[in-house]
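As structure tokens, the structure follows; a few thoughts come after it.
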Amino acid sequence: MRALYALYSDPDAAQRAVNALKTAAGSLGIADRQIVVVTAEPFDGYDFSDEHAESPMFLIASFTGILGGLVGYWLTRFTQVSYPLPTGGMPIVPPWTNAIIVYELTMLGAIAGTVITLLVMAGLPQFGESLSDPEVWHGKILVGVTEPPEKARPELEKHLRQAGASEVKATA
């Protein structure tokens with residue numbers, strides 16, 4: 001069995017199921033990372049939703065933006081020094097042009113850092129199978145356990161049903 005899961009129509013029942021699974025995780029031989037929650041929309045104020053709410057994306061975007069700005073400044077400075085043209089003491093390129101290049105590379109760094117962070121944190125691209133059910137896209141909340149021990153199946157089913165699931169499903 002690859003996974004055992006149940007579908008819930010309201011977030012309170014899903015939270016009860018997650019809490020029951022986390023409480024019984026040690027005795028059932030499952031780790032917290034094996035407990036999966038899949039929803040079609042975010043549910044603020046619930047532990048299963050807030051678990052992944054904090055992200056270092058702002059710090060990474062800021063760092064890569066500053067890095068991009070420094071690369072832009074270095075690029076404009078390096079090109080002006082590398083090609084010494086007689087300009088009578090004037091810069092080869094006016095400062096406003098340099099500022100545009102520095103600004104553009106700052107934004108490129110911030111955008112690239114944001115996109116890369118988003119892809120890494122979302123686990124994309126994901127080539128393997130993921131736990132899902134068509135009912136999730138109709139408002140249900142999936143709570144399940146991946147790779148559960150076979151001997152823990154009856155106890156897992158009991159916890160999922162006690163939280164309010166009418167049906168417990170298994171995937172092969």
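If the condition is being open to solvent by 90 Å² or more (accessible area, probe 1.4 Å) and not hydroxyl-bearing (Ser, Thr, Tyr), then the range 81-94 contributes PRO84, LEU85, PRO86, MET90. Residues in the range 7-29 include none that are among the hydroxyl-bearing types (Ser, Thr, Tyr) and more than 30 Å from ARG161 (Cα to Cα). Of the residues making up the range 42-94, those that are of a type in the set (Val, Ile, Thr) and not in a helix (DSSP H, G or I) number 3. Looking only at residues in the range 119-128 that are assigned to a loop (DSSP other than H, G, I, E, B) and hydrophobic (A, V, I, L, M, F, W, C), the one that is most open to solvent (accessible area, probe 1.4 Å) is PHE127.
Matching residues to (1) within 30 Å of TYR8 (Cα to Cα); (2) of a type in the set (A, V, I, L, M); (3) not assigned by TED's automatic domain parsing to the domain that holds VAL37:
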site	(1), (2), (3)
VAL71	no, yes, yes
ARG77	no, no, yes
VAL81	no, yes, yes
VAL102	no, yes, yes
THR117	no, no, yes
VAL143	yes, yes, no
ARG153	yes, no, no
GLU157	yes, no, no
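Examine the range 58-68 for a residue that is at positive phi and at pLDDT 90 or above, and state whether such a residue exists. No, there is no match, as no residue in the range 58-68 is at positive phi and at pLDDT 90 or above.
Every residue, every condition in (1) touching a residue at least 24 places away in the same chain (Cβ under 8 Å); (2) open to solvent by less than 70 Å² (accessible area, probe 1.4 Å), yes or no:
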residue	(1), (2)
ARG2	yes, yes
LEU7	yes, yes
ARG16	yes, no
ALA24	yes, yes
VAL38	yes, yes
GLY45	no, yes
SER55	yes, yes
ALA61	yes, yes
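Selection within the range 137-172: residues that are among the acidic types (Asp, Glu) and in a helix (DSSP H, G or I). The member of this set that is least open to solvent (accessible area, probe 1.4 Å) is GLU157. Look at the range 96-107: where a residue is open to solvent by less than 60 Å² (accessible area, probe 1.4 Å) and a partner is in a helix (DSSP H, G or I) and among the hydrophobic types (A, V, I, L, M, F, W, C), sitting 6+ places away or on another chain with Cβ atoms under 8 Å, you get LEU105/VAL71; LEU105/LEU75; THR106/ILE66.
Taking the condition assigned to a helix (DSSP H, G or I) and touching a residue at least 60 places away in the same chain (Cβ under 8 Å), does LEU131 pass? The answer is no for LEU131. Select from the range 26-36 the residues that are under 21 Å from the mean Cα position of the chain (by Cα) and open to solvent by less than 70 Å² (accessible area, probe 1.4 Å) and list them in ascending order. Once the filter is applied, which keeps residues that are under 21 Å from the mean Cα position of the chain (by Cα) and open to solvent by less than 70 Å² (accessible area, probe 1.4 Å), the range 26-36 yields ALA31, GLN34, ILE35, VAL36.
The values are calculated or read from the model by the stated rules, or taken from the named source; none is laboratory data. Just so it is clear, the model here is predicted, and its values are computed rather than measured. Neighbour counts are summed over all protein chains in view; Cβ atoms, including those assigned to glycine, are modelled from backbone coordinates with ideal geometry. Heads up: the accessible areas ignore ligands, DNA and RNA and are worked out on the full protein's heavy atoms, side chains in. Shrake-Rupley method; radii C 1.70, N 1.55, O 1.52, S 1.80 Å.
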